Amino acid sequence: MATRLQSRLAEMIDDTRALVEVESPSSDPEACREAIVVAERLCGQHLPTPARVETHEGCSVLRWGPDTPRVLLLGHLDTVWPCGTLRDIPWSVTVEERGTVLRGPGVFDMKAGAVQAIYALTEVLAHLPTADVGLLLTTDEEIGSARSKALILESCERAEAALVLEPSIDGALKNARKGTSWYQITVHGRAAHAGLDPASGINAMLAMARLALAVGSLADEAAESTVTPTLASAGTTGNTVPDHATLMLDVRAWSLADQQRIDDGVRALITDDSLMQGAHADVEGGINRHAMPESAALSLVSRVDALCPTLGITYPGARAVGGASDGNITAEAGVPTLDGLGAVGAGAHAIDEWVLAEAMPQRAAIVAALVLDLLTA
Ligand SMILES: [Zn+2]
């Protein structure tokens, strides 16, 4: 299996190029749809039945296979890169000491992984033409999957496993992910002339600033949870006591219980008089993706460990990571979930993101073998 995929490496590289050269920032639904259409074409070239381009809550998605398969391959085609990035980071293939390196916006996170998923399916179907396996590629993963979440949950309704083709760090699988929560806090004060009558104002910016400092106390260093103020704005003019301010928080934690504790804490702080001093605040957001516990991946990790020698591949290991993905959603639904099955390389969301081409057939082989193992066990 690994050898046959190996012989298709040049094709895999071409297909990755086709996806990378259609830029698809999450914020641009038209652009994302074009990337989905390219993936549909690739599925048409390689798979015996056509894929479907669908729109769910405004989010373009690609679905192949049954709507609710026993094994769900999951990924996304949106990227963090705005249209035009290709001019700065053009598609390139270079032979370096570490191997053949592919570059281009979104190649690592996760267009190469999407190609690997399609090639893995070709292998699965070659061995088991009736395989109850499906592929779902979404286009709002990088902005929290609010629009595709319901579809992801529906798609894994009867799944025995969700295999997520997100990129891997040093090849390692991702067996646990932190949960994420996002908050947008709006502070309302009272405007006043900063020169004539400052005392009659209530400074929303200062209340927000006290809050931004106070939320740090909700982080638990021992539990490795973090609460990070990420965005702030306030005020109207240079000589007015600001009557409003907004603050965004990014929260990460290894357990849902810790996410819940921090959620309670945020809601308590915004009503704390010593911080607000006459201002009041309301909060949008909350727990976004639940933490993905190691237990969700346990059985799948040991299967990969056992399968690798039969493929002539060294077991890549597994590790827990801070970033969240759609694997958090499937794990939350109680579906055994293994993430980081995608491309080998580095630099997710960074200008130097790259993929090791030679690893693509191997990774596709691992996914195919795991699917077959699950379906024939
Ligand atoms: Zn990703």
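The values are calculated or read from the model by the stated rules, or taken from the named source; none is laboratory data. Predicted model only: the values in this text are computed from it and were never measured. Ideal geometry is used to build each Cβ from the backbone, glycine not excepted, and the neighbour counts take in all protein chains shown.
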Problem set entry | Search result, residues across region 169-197 that are in contact with a strand residue (DSSP E or B) (Cβ under 6 Å, 6 or more places away or on another chain) and of a type in the set (Gly, Ala, Ser) | Gly171, Ala172, Ala176, Gly179, Ser181, Gly189, Ala191, Ala192, Ala194
Problem set entry | Residue that is nearest to Val37 (Cα to Cα), among those in region 116-138 that are of a type outside the set (A, V, I, L, M, F, W, C), buried (at least 21 other Cβ atoms within 10 Å of the Cβ) and out of contact with any Phe, Trp or Tyr (no Cβ under 7 Å at 6 or more places or on another chain) | Thr138
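With over 21 Å from Thr246 (Cα atoms) and either in the same structural domain as Leu341 (by TED's automatic domain parsing) or surrounded by 24 or more Cβ atoms within 10 Å (Cβ to Cβ) (or both) as the only criterion, which of Ala204, Ala162 stands out?
Step by step, each of Ala204, Ala162 is checked, and only Ala162 is over 21 Å from Thr246 (Cα atoms) and either in the same structural domain as Leu341 (by TED's automatic domain parsing) or surrounded by 24 or more Cβ atoms within 10 Å (Cβ to Cβ) (or both).
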Exercise. Does Gly134 fit the bill of being modelled with pLDDT of 95 or more, closer than 17 Å to Ala18 by Cβ and not polar (S, T, N, Q)?
Worked result: no
Exercise. In this structure, is Ala51 more than 16 Å from the ligand (Cβ to nearest atom), closer than 24 Å to Glu154 by Cα, surrounded by 20 or more Cβ atoms within 10 Å (Cβ to Cβ) and in the same structural domain as Ile351 (by TED's automatic domain parsing)?
Worked result: yes
Exercise. Within region 269-291, can one find any residue that is without any contact (Cβ under 8 Å) to a residue 24 or more places away in the chain, closer than 21 Å to Ser225 by Cβ and surrounded by fewer than 20 Cβ atoms within 10 Å (Cβ to Cβ)?
Worked result: no
Exercise. Are any residues in region 31-67 outside any loop (DSSP other than H, G, I, E, B) and among the charged types (D, E, K, R), and if so, which ones?
Worked result: Arg33, Glu34, Glu40, Arg41, Arg52, Glu54, Arg63
Problem set entry | Sole residue being in the same structural domain as Glu332 (by TED's automatic domain parsing) and under 16 Å from Pro69 (Cα atoms), chosen from Val107, Val133 | Val133
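For region 90-119, which positions are at positive phi and away from the ligand (no atom under 16 Å from the Cβ)?
Residue satisfying the conditions is Gly99 alone.
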Exercise. Would you pick out the residues in region 342-376 that are surrounded by fewer than 24 Cβ atoms within 10 Å (Cβ to Cβ) and charged (D, E, K, R)?
Worked result: Asp352, Glu358, Asp373
For this session: State yes or no: is Gly179 surrounded by fewer than 18 Cβ atoms within 10 Å (Cβ to Cβ), within 23 Å of Glu332 (Cβ to Cβ) and within 14 Å of the chain's Cα centre (by Cα)?
Result: no
For this session: Identify the single condition in (1) more than 18 Å from the chain's Cα centre (by Cα); (2) under 30 Å from Ala333 (Cβ atoms); (3) of a type outside the set (Lys, Arg) that Met292 does not satisfy, given that it satisfies every other one.
Result: (1)
Problem set entry | Top-ranked residue in region 248-268 [being of a type in the set (A, V, I, L, M) and buried (at least 20 other Cβ atoms within 10 Å of the Cβ); ranked as farthest from Thr186 (Cα to Cα)] | Ala253
For this session: Please work out if Ala223 is among the aliphatic types (A, V, I, L, M), part of a loop (DSSP other than H, G, I, E, B) and closer than 26 Å to Thr330 by Cα.
Result: yes
Exercise. Taking region 236-247 on its own, how many of its residues are under 11 Å from Val187 (Cβ atoms) and either touching a His at 6+ places or on another chain (Cβ under 9 Å) or in a loop (DSSP other than H, G, I, E, B) (or both)?
Worked result: 4
Exercise. Pick from region 68-81 the residues that are within 17 Å of the chain's Cα centre (by Cα) and part of a loop (DSSP other than H, G, I, E, B): which of them is farthest from the ligand (Cβ to nearest atom)?
Worked result: Trp81
Problem set entry | Residue in region 317-326 that is farther than 13 Å from Asp109 by Cβ, more than 18 Å from the chain's Cα centre (by Cα) and in contact (Cβ under 8 Å) with a residue 60 or more places away in the chain present | yes
Problem set entry | Check on Gly347, within 16 Å of the ligand (Cβ to nearest atom) and under 30 Å from Leu125 (Cβ atoms) | no
